[in-house]
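Below is one structure; the comments refer to it alone.
The numbers here are math on the coordinates, done by the rules we state, and not lab data. Bear in mind that the values here come from a model prediction, so they are computed numbers and not experimental data. Here the Cβ positions follow ideal geometry from the backbone for every residue, glycine too, while neighbour counts run over all protein chains shown.
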Amino acid sequence: MKKAFVLKSALALALATPLIASAESQLVTGTGTAAGASARLDFRIIIPGFIALRVGPGAVLTNNSTVGAVEFTVSETQVTADGTINPSSGAPVDVALLSNVGNVAFEASGADLTAGTDTIPLSRISATVASGNLAHPTFNGAPLSVAPTSGRIVNRSGTWNFTYNHQGATDPVPAGTYSTQVTYTASLP
Amino acid sequence: MLRHGLVLSTALTAALFAFEAQAWSLSIASAPRRVFLHVGNGTIDGNNSLVNRVEVTVPVNQLGNGTPLPMNSTSTQSSSLYGDNYLTCPTPASQVMIGASYRRNNNNSPASARLSVTSPANLTNASGDSIPFSEISWTVSAAGSANPGVIPAGTFNGGTQTLATIPANTYIENCHSFRYANSALRAAGTYNGRVVYTLSAP
């Protein structure tokens, strides 16, 4: 009975609609079967844009509120002389910049180091790239344009080292613990 | 229903044999040569202008981590177009039904039709970035069937792939679930691409 039902339906189809061209279902008869019936299917992948930055503790794709600290301890023999002081702790600093939106504007901003009312200019701190391929922006300078490493992907990482230019002879400062906090920002230009 | 094989005769035994060999591969009546194909939503004997879409939004914290992500479909086609309204793909949001049939009168040629799919090399976005179509693969299923691979699982290759050979006077169908390999970090954007399935009997 089921077979007879199918035959009837097929016959009606052949008489009424010899060729039906549709989109995602299609019936083709006769010599048209050589080329065949076709049906389309669309695909879409949505990739969100992001910029991820790591300076010091944490992982680049994980929020972490821990602030790293680089310390310089000037010894008794160094305090009255001019000279470069290396960090006593907290360096080198692990850094990473990961994004998928093309060029990234990268900047570093911070106030002078202070101990009460006494100050040491932030410009006395110098940064160098100890390893990797992420440059350090100038403190309070124009944003550094970080180029993609592939297509519109930025995937840069490495370590930074810092030094303090102590001017104990030419520009001595009162004793104290001088500190500041630098904020690094990566954003769309 | 024949598909469920509740027969008590020789005819039923034959149907059971067919069920075990290639489900869902169903016999249909012969007719002057014709091929029918639907992918997702379709109409057995009519026009259907709806092109379904399969898509995924990658979570930021999973971008390019190598964990495949299932893709969702806009298809609502859960019931078979074979004629028995069988619930072949009960969850069309994750299953795109593909049904195909080839009919001819006895002793006419060819003996079978070929089902193939053609994909472009890449999905692309408005900025010119691309994702290879080979990042998309599919698994197959067919509710109630012990052998859902009548159209086998696979991965797009950016060209034309033969999927199945359909003997004359046979209707085949199963459900395709797609996933994105997510094997690399991609530039931001919405990537689109279209594949074309073809059933031909040259």
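Annotation: for a label point projected 7 angstrom from Cα along Cα→Cβ of A:S150, residues of region A:93-122 with backbone N closer than 15 Å are A:98-102. A Gaussian network model of chain B, with springs between Cα atoms under 10 Å, assigns the largest mean-square fluctuation among B:N72, B:N125, B:N174 to B:N125. Distance in nm between label sites at A:V79 and A:S109, each 7 Å beyond Cα in the beta-carbon direction? Distance between label points: 3.5 nm. A simple spin-label model places pseudo-atoms 7 Å from Cα toward Cβ; at B:S27 and A:T66 they are separated by 7.2 nm. Taking chain B as a Gaussian network of alpha-carbon nodes connected by springs under 10 Å, the highest mean-square fluctuation of the residues B:G83, B:G64, B:G154 belongs to B:G83. Sites listed here are chymotrypsin sites (Phe, Trp or Tyr not before Pro) in region A:42-122 whose DSSP assignment is loop and whose Cβ has at most 15 other Cβ atoms within 10 Å: A:F50.
Connecting C-alpha atoms closer than 10 Å in a GNM of chain B, tell me which of B:S109, B:S141, B:S177 has the biggest fluctuation. Evaluated over chain B, the most mobile residue of the options is B:S109. The translational diffusion coefficient of the protein assembly as shown, from Stokes-Einstein at 37 °C and 0.692 mPa s with a Kirkwood hydrodynamic radius over alpha carbon pairs, comes to 128 µm²/s.
Measuring r between the beta carbons of B:S134 and B:N192 and using R0 = 22 Å, the FRET efficiency lands at 0.85. Normalised by 2.2 N^0.38 Å, where N is the number of residues, the C-alpha radius of gyration of chain A stands at 2.06. Relative to one another, the C-alpha centroids of region A:157-189 and region B:103-162 are positioned 60 Å apart.
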